[in-house]
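K.L.:
I have a structure I would like to understand better, so I am pasting it below and will then ask my questions one at a time.
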Amino acid sequence: MENKMKKKLIAGNWKLNPTTKTEAIKLAENIKNNTKNFNFEVALCVPSIYLDTINEIIKDSPIKLGAQNCYFEEKGAFTGEISAQMLKDLNCKYVILGHSERRSLFAETDEIINHKIKIAMKNTLIPILCVGESEEQRNKNITDSIIEAQLTADLKDISIDGNNLVIAYEPIWAIGTGKTCSSEEADRVCGLIRNKIAQLYSKDIASKITIQYGGSVKSSTIKEQMKMENIDGALVGGASLIAEEFNLLLQNANN
Ligand code: PEP
């Protein structure tokens, strides 16, 4: 499929880290000082409590701000939740939705994720929608049908144009385990995702949409991954928490 129009994105997912604001500032400053105008976009998806602080650090740099979750209601009596509008107000461009940790640890269903994507898009946030199979599903050879079913359910009644959504293929067995999916297999599944988007929407939209790979991406793996036809960047967990490693990863991705 046509490769020219796709935008590439490498996003760091800090998850529930680092443990203090001081450390978060140090990490963001170090990454900012090493980030140039690469041939892909860089985003930092940080804990909500650090968004405002990190925004101040990166606002005059090429780095974009992202959140890791949002609630599907706009406002009201939902103690502890954070709305898409609040994220937009803090200058977020992206919000990760449907991460496997949210699906498994916080019981988020495809229906909930679908509602969250809708409210995020209504507030002009770009969801980074994560899809991926478990080790058990892979062993049963049902990876492809699992991914297709997630996409169909998560994107139900959602209109996309190729620029208002990013998809991250994240095989659950490769997240935080050090087990990287081979570049060939990651590319194959990202290609499957692209074909499903062509089927659900159009070939034109499928050719524009950014599809990342995520799962133990490191500075030593990124170069090969970025060369694959259907991989348009990475969602990076652990390696985005060590400034030197993430900076090297970005440099290697740019070469
Ligand atoms: C993630 O957080 O989405 C992720 C892929 O983590 P890691 O890079 O640590 O596997």
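K.L.:
Do you know which residues across the range 75-107 are within 17 Å of the chain's Cα centre (by Cα), surrounded by fewer than 19 Cβ atoms within 10 Å (Cβ to Cβ) and acidic (Asp, Glu)?
P.N.:
Within the range 75-107, no residue meets the criteria.
K.L.:
Here is a further query. Answer with yes or no whether Ile31 is buried (at least 19 other Cβ atoms within 10 Å of the Cβ) and within 16 Å of the ligand (Cβ to nearest atom). Walk me through it before giving the result.
P.N.:
Details: buried (at least 19 other Cβ atoms within 10 Å of the Cβ): yes; within 16 Å of the ligand (Cβ to nearest atom): yes.
Yes; evaluated as a whole, the condition is true for this residue.
K.L.:
Could you list, in sequence order, all residues of the range 115-128 that are surrounded by 20 or more Cβ atoms within 10 Å (Cβ to Cβ) and either modelled with pLDDT under 95 or not small (Gly, Ala, Ser) (or both)?
P.N.:
Lys116, Ile117, Ile119, Leu125, Ile126, Pro127, Ile128
K.L.:
What number of residues in the range 1-33 are at pLDDT below 95 and either under 23 Å from Ile96 (Cα atoms) or in contact with a helix residue (DSSP H, G or I) (Cβ under 6 Å, 6 or more places away or on another chain) (or both)?
P.N.:
Within the range 1-33, the subset at pLDDT below 95 is 1-7.
Those still in the list that are either under 23 Å from Ile96 (Cα atoms) or in contact with a helix residue (DSSP H, G or I) (Cβ under 6 Å, 6 or more places away or on another chain) (or both) too: 1-2, 5-7.
So the answer is 5.
K.L.:
Can I ask one more? Taking helices (runs of 4 or more DSSP H) that fall entirely within the range 128-221, which contain at least 3 residues that are farther than 25 Å from Lys64 by Cβ?
P.N.:
Ranges flagged: 135-139, 143-154, 183-200.
K.L.:
Name the residues in the range 131-179 that are among the β-branched types (Val, Ile, Thr) and within 16 Å of the ligand (Cβ to nearest atom), would you? Please lay out each step first, then the result.
P.N.:
Of all residues in the range 131-179, those among the β-branched types (Val, Ile, Thr) come to 131, 142-143, 146-147, 152, 158, 160, 166-167, 172, 175, 177.
Result: Val131, Ile147, Val166, Ile167, Ile172, Ile175, Thr177.
K.L.:
May I ask you to list the residues in the range 229-248 that are more than 12 Å from the ligand (Cβ to nearest atom) and out of contact with any strand residue (DSSP E or B) (no Cβ under 8 Å at 6 or more places or on another chain)?
P.N.:
Glu229, Ala243, Glu244, Asn247, Leu248
K.L.:
Can I ask one more? Closer than 20 Å to Asp204 by Cα and hydrophobic (A, V, I, L, M, F, W, C): which single residue out of Ile112, Ile158, Ile147, Ile172 fits that description? If you could, list the steps in order and put the result at the bottom.
P.N.:
On the way: Ile112 fails: closer than 20 Å to Asp204 by Cα; Ile147 fails: closer than 20 Å to Asp204 by Cα; Ile172 fails: closer than 20 Å to Asp204 by Cα.
Ile158 is the lone residue from the list that is closer than 20 Å to Asp204 by Cα and hydrophobic (A, V, I, L, M, F, W, C).
K.L.:
Kindly provide the set of residues from the range 43-70 that are over 24 Å from Leu249 (Cα atoms) and under 17 Å from the mean Cα position of the chain (by Cα), ordered by number.
P.N.:
If the condition is that a residue be over 24 Å from Leu249 (Cα atoms) and under 17 Å from the mean Cα position of the chain (by Cα), then Ser48, Asn69, Cys70 are the ones that fit.
K.L.:
Keeping to the range 219-234, report how many residues are in contact with a helix residue (DSSP H, G or I) (Cβ under 7 Å, 6 or more places away or on another chain) and under 11 Å from Lys6 (Cα atoms). Explain how you work it out, then say what you get.
P.N.:
First pass over the range 219-234, keeping only residues in contact with a helix residue (DSSP H, G or I) (Cβ under 7 Å, 6 or more places away or on another chain): 219, 222-226, 228-231, 234.
This time we only want the ones that are under 11 Å from Lys6 (Cα atoms), so: 229-231.
Summing the residues that are in contact with a helix residue (DSSP H, G or I) (Cβ under 7 Å, 6 or more places away or on another chain) and under 11 Å from Lys6 (Cα atoms) in the range 219-234 gives 3.
The values are calculated or read from the model by the stated rules, or taken from the named source; none is laboratory data. It should be emphasised that the depicted structure is a prediction, and the values quoted were computed from it without experimental measurement. Neighbour counts run over all protein chains shown; Cβ positions are idealised from the backbone, glycine included.
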